[in-house]
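Asks: Dumping the structure here so I can ask a few things about it.
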Amino acid sequence: MALSGVWILDHTKANKPLFSMTNLVGPTTRSLLAGEGLTACTEDMGTRGNPICFHAARMPMSALVVALGMRLFGDHYLRVACFKTLLLLLPVGVCIYLVWRCLPRSGGRMLLVALLLLAPFAMTPFLADVTNILVDEGYLYSFLAVAVALLFFDVQTRLAVGGWRRAVLFAFALDGVYLSKSGVLPVVVVLTVGILMVERRAGLRWLVVVLVAAAPLGWAVHQHHASGRYSVGTSFDGINLHKGNNAGFLEHYPPSHGDSMDWYDFELNRGLYFSDEWSFNDYHQRAALDYLRAHPRETLAGDWRKLNVLFFSVEKYGGTASHGITRMLEDAGMLVFRLVLWTAILCAIYLVFRARGVERRPLRVASGVFLAVVAACALPYVAGFAYTRHVSVLIYPAALFCCRMLCEPDGSYNQGVMTG
C-alpha cells in the first residue's frame, strides 16, 4: 500500500530533478553532497530581491536520507521516494514485531490488535507521511512510532531486545525524532521522562539521558559552526511563529483546501531587508511576541482555530487539493483517524484516573505519557500555526496505545474495566 501511494503521488515527478525539490530539501541535499553543510541561498521565504543564505534553517534528517538515496539510485525522484518509504518503514516493522510478541490470547482482541497495526495504512494522512520526501513529518513519524512502542511495551521489549540494547535503540529513536524536526523537542523530553519512569536500572537511565541529550547538544554546536549561533532550533523558527501570530492571521487561517500559508511570507517581509538568517529570524520572533502581548483576544481565537485543525476537523489542511474519489477516500481516512485518536485519548484519560493497583501502574504510566505526548506534539503548532500533517504523526502512536490496552493481561484488564 505504501509503494502504491508513492506511485500515485509521485509518478508524475519521475523525471523531476531532486535538487529542485521545495521546502529547501533540494538545495540542502545539493549542499550536503557538495560537502558544504545544509546551506541554501534563496528568496523563497518571502524576501524578494533580498536573497538570504540559510545555514541553520533545516534539520538534517530529510537531506541525509535523500542524499543517501541519490548516492544509491542517482537523481531519480521515484526511486529515491521508494527508497525513503521502505527505509522509514523499517522502524514501523519493529513496532509491529514488539506488539506481536505480546498478543492477547482472546481471538477477538487479537484481531483488533492486527487491525489497529494495519489500519493507519488505510488513512490518507498517514500514507502521506509514509510516502512524502518533502516534509519533516515524512521522517519524524517513523522514529516517533518506534520510540512509543519501545516505551509502551517495555516489559516485553526487555525480553525481546535486552536492557542496554533497548536503551540505545530508544535513545536513537528519540534522536531521530529531534533531528527530523526541532519543534518536537517537547515530545522528546516527555518520552525521555517516560522511559525514566519505567526503567529502574540507574545505569541504563543515564545511558538514555546521555544519548538523547547528544543530539540537541551536537546540533547546537553544528549550528554555531555553520551559522555563528548556538541554537537547538532553526533560523526558520521566528517566521513560523510570526505566520501564526500577526494582524492578518485570522483572515486567512485556516487556508482553503489545497492551499497553504507560504504565500503570506512576502506580506510579512514587505519593505524589509535582512543581512543574514539570524536577523531574519530575530525580527519575526520579536514581531510575533509583540503581537501576542498586544492582542490576547485575537490570539485566543487563533489558538482555537489551530486546535480545531489539529484535533477536530475532518478536512485536510496544508496539503495539495484532491477531488472526486480521492477526496472521498481522504475524508474517510480523516474520519477513521479522528476515531482512533479520540478513542486513545479518552481511554487514556479514563485510565489515568481509574487504573488502580500496583499491577496496573505500567498501563497508567503509559496512559499519562500518551496524553503528554499528544499535548507536547500540539504545543508548537498552537504557538505557531497548524496543518493536518503536524498531528498526523500521532496516528501510529494512538494505534499503539490502543494495542497496549488490548495487550493488557485479561484478568488485570477486565478487573480494571469492571471496577470502572
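Asks: Residue check, A57 against (1) in contact with a strand residue (DSSP E or B) (Cβ under 7 Å, 6 or more places away or on another chain); (2) small (G, A, S); (3) at pLDDT below 90, all met but one. Which one?
Replies: Tallying (1) in contact with a strand residue (DSSP E or B) (Cβ under 7 Å, 6 or more places away or on another chain); (2) small (G, A, S); (3) at pLDDT below 90, A57 fails exactly one: (3).
Asks: Same structure, new question: Would you confirm whether or not region 246-269 contains a residue that is within 19 Å of L185 (Cα to Cα) and open to solvent by less than 50 Å² (accessible area, probe 1.4 Å)?
Replies: So in region 246-269, the residues within 19 Å of L185 (Cα to Cα) come out as none.
No, there is no match, as no residue in region 246-269 is within 19 Å of L185 (Cα to Cα) and open to solvent by less than 50 Å² (accessible area, probe 1.4 Å).
Asks: Related question: Scan region 65-83 for residues that are assigned to a helix (DSSP H, G or I), open to solvent by 30 Å² or more (accessible area, probe 1.4 Å), in contact with a helix residue (DSSP H, G or I) (Cβ under 7 Å, 6 or more places away or on another chain) and not aromatic (F, W, Y) and jot them down.
Replies: Taking region 65-83 as the starting set, the residues that turn out to be assigned to a helix (DSSP H, G or I) are 65-73, 77-83.
In the following step, the residues that additionally are open to solvent by 30 Å² or more (accessible area, probe 1.4 Å) were identified as 68, 71-73, 79, 82-83.
Then drop every residue that is not in contact with a helix residue (DSSP H, G or I) (Cβ under 7 Å, 6 or more places away or on another chain), which leaves 72-73, 79, 82-83.
The answer is L72, R79, C82.
Asks: Of these, S227, S235, which one is open to solvent by less than 50 Å² (accessible area, probe 1.4 Å) and either β-branched (V, I, T) or more than 22 Å from the chain's Cα centre (by Cα) (or both)? Walk me through it before giving the result.
Replies: Numbers: S235 fails: either β-branched (V, I, T) or more than 22 Å from the chain's Cα centre (by Cα) (or both).
Of S227, S235, the one residue that is open to solvent by less than 50 Å² (accessible area, probe 1.4 Å) and either β-branched (V, I, T) or more than 22 Å from the chain's Cα centre (by Cα) (or both) is S227.
Asks: I would also like to ask the following. Answer yes if at least one residue in region 202-219 is within 18 Å of A287 (Cα to Cα), open to solvent by 30 Å² or more (accessible area, probe 1.4 Å), modelled with pLDDT of 95 or more and of a type outside the set (K, R), and no otherwise. Quick ask: steps written out before the conclusion?
Replies: Looking only at region 202-219, we keep the residues that are within 18 Å of A287 (Cα to Cα), and these are none.
Looking through region 202-219, none of the residues is within 18 Å of A287 (Cα to Cα), open to solvent by 30 Å² or more (accessible area, probe 1.4 Å), modelled with pLDDT of 95 or more and of a type outside the set (K, R).
Asks: Could I ask something else about it? Taking the options T343, T320, T326, name whichever one is within 20 Å of A375 (Cα to Cα), touching a helix residue (DSSP H, G or I) at 6+ places or on another chain (Cβ under 9 Å) and among the hydroxyl-bearing types (S, T, Y).
Replies: T343
Asks: So L185 clears everything in (1) open to solvent by less than 10 Å² (accessible area, probe 1.4 Å); (2) more than 30 Å from S4 (Cα to Cα); (3) within 14 Å of the chain's Cα centre (by Cα) except one condition, right? Which one?
Replies: Tallying (1) open to solvent by less than 10 Å² (accessible area, probe 1.4 Å); (2) more than 30 Å from S4 (Cα to Cα); (3) within 14 Å of the chain's Cα centre (by Cα), L185 fails exactly one: (1).
Asks: Working only within region 26-51, note down all residues that are open to solvent by less than 20 Å² (accessible area, probe 1.4 Å), closer than 21 Å to Y264 by Cβ and touching a residue at least 24 places away in the same chain (Cβ under 8 Å).
Replies: Within region 26-51, G46, T47, N50 qualify.
Asks: Please specify each residue of region 206-239 satisfying the condition of being part of a helix (DSSP H, G or I), of a type in the set (F, W, Y) and within 30 Å of T28 (Cβ to Cβ). It would help to see each step written out before you state the result.
Replies: Filtering region 206-239 for residues part of a helix (DSSP H, G or I) gives 206-227, 237-239.
Of the ones still in play, those that are also of a type in the set (F, W, Y) are 206, 219.
Listed by number, the list holds a single entry, W219.
Asks: Here's a follow-up. Identify, from the list M418, M405, the residue that is out of contact with any His (no Cβ under 8 Å at 6 or more places or on another chain), assigned to a helix (DSSP H, G or I), at pLDDT below 95 and closer than 27 Å to T124 by Cβ. Full working, then the answer.
Replies: Working: M418 fails: closer than 27 Å to T124 by Cβ.
Every option except M405 fails the conditions.
Asks: Is there any pair with a first residue in region 308-335 that is under 16 Å from M123 (Cα atoms) and a second that is of a type in the set (G, A, S) and assigned to a helix (DSSP H, G or I) whose Cβ atoms are under 7 Å apart and which are 6 or more apart or on different chains, and what are they?
Replies: From region 308-335, the pairs are L310/A378; G319/A128; G333/A122.
Asks: Follow-up. Enumerate the pairs (first residue in region 387-409 and under 18 Å from L115 (Cβ atoms) and free of Cβ contacts under 8 Å to residues at least 40 places away in the same chain; second residue anywhere and of a type in the set (K, R) and open to solvent by less than 10 Å² (accessible area, probe 1.4 Å)) with beta-carbon separation below 9 Å, excluding pairs fewer than 6 apart on the same chain, so at least 6 apart or on different chains.
Replies: Nothing qualifies.
Asks: Which condition breaks for L86 when tested against (1) within 30 Å of Y230 (Cα to Cα); (2) open to solvent by 50 Å² or more (accessible area, probe 1.4 Å); (3) at pLDDT 95 or above; (4) not aromatic (F, W, Y)?
Replies: (1)
Asks: Testing G258 on (1) in contact with a Leu (Cβ under 8 Å, 6 or more places away or on another chain); (2) outside any helix (DSSP H, G or I), one condition comes back false. Which one is that?
Replies: Exception for G258: condition (1).
Residue by residue, here is whether (1) at negative phi; (2) at pLDDT below 95; (3) open to solvent by less than 20 Å² (accessible area, probe 1.4 Å) holds:
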{"residue": "N308", "(1), (2), (3)": "yes, no, no"}
{"residue": "A332", "(1), (2), (3)": "yes, yes, no"}
{"residue": "L346", "(1), (2), (3)": "yes, no, no"}
{"residue": "V352", "(1), (2), (3)": "yes, yes, no"}
{"residue": "R361", "(1), (2), (3)": "yes, yes, no"}
{"residue": "R364", "(1), (2), (3)": "yes, yes, no"}
{"residue": "V369", "(1), (2), (3)": "yes, no, yes"}
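Asks: As an exercise: evaluate A301 against (1) open to solvent by less than 50 Å² (accessible area, probe 1.4 Å); (2) without any contact (Cβ under 8 Å) to a residue 60 or more places away in the chain; (3) within 22 Å of the chain's Cα centre (by Cα); (4) more than 25 Å from N23 (Cβ to Cβ) and give the number of the one condition it does not meet.
Replies: All conditions pass for A301, except number (3).
The values are calculated or read from the model by the stated rules, or taken from the named source; none is laboratory data. Treat the numbers as computed from the prediction; the structure is a model and nothing was measured. Backbone-built Cβ (ideal geometry, glycine too); neighbour counts: all protein chains shown. What goes into the accessible areas is simple: the full protein's heavy atoms, side chains included, and nothing from ligands, DNA or RNA. Shrake-Rupley method; radii C 1.70, N 1.55, O 1.52, S 1.80 Å.
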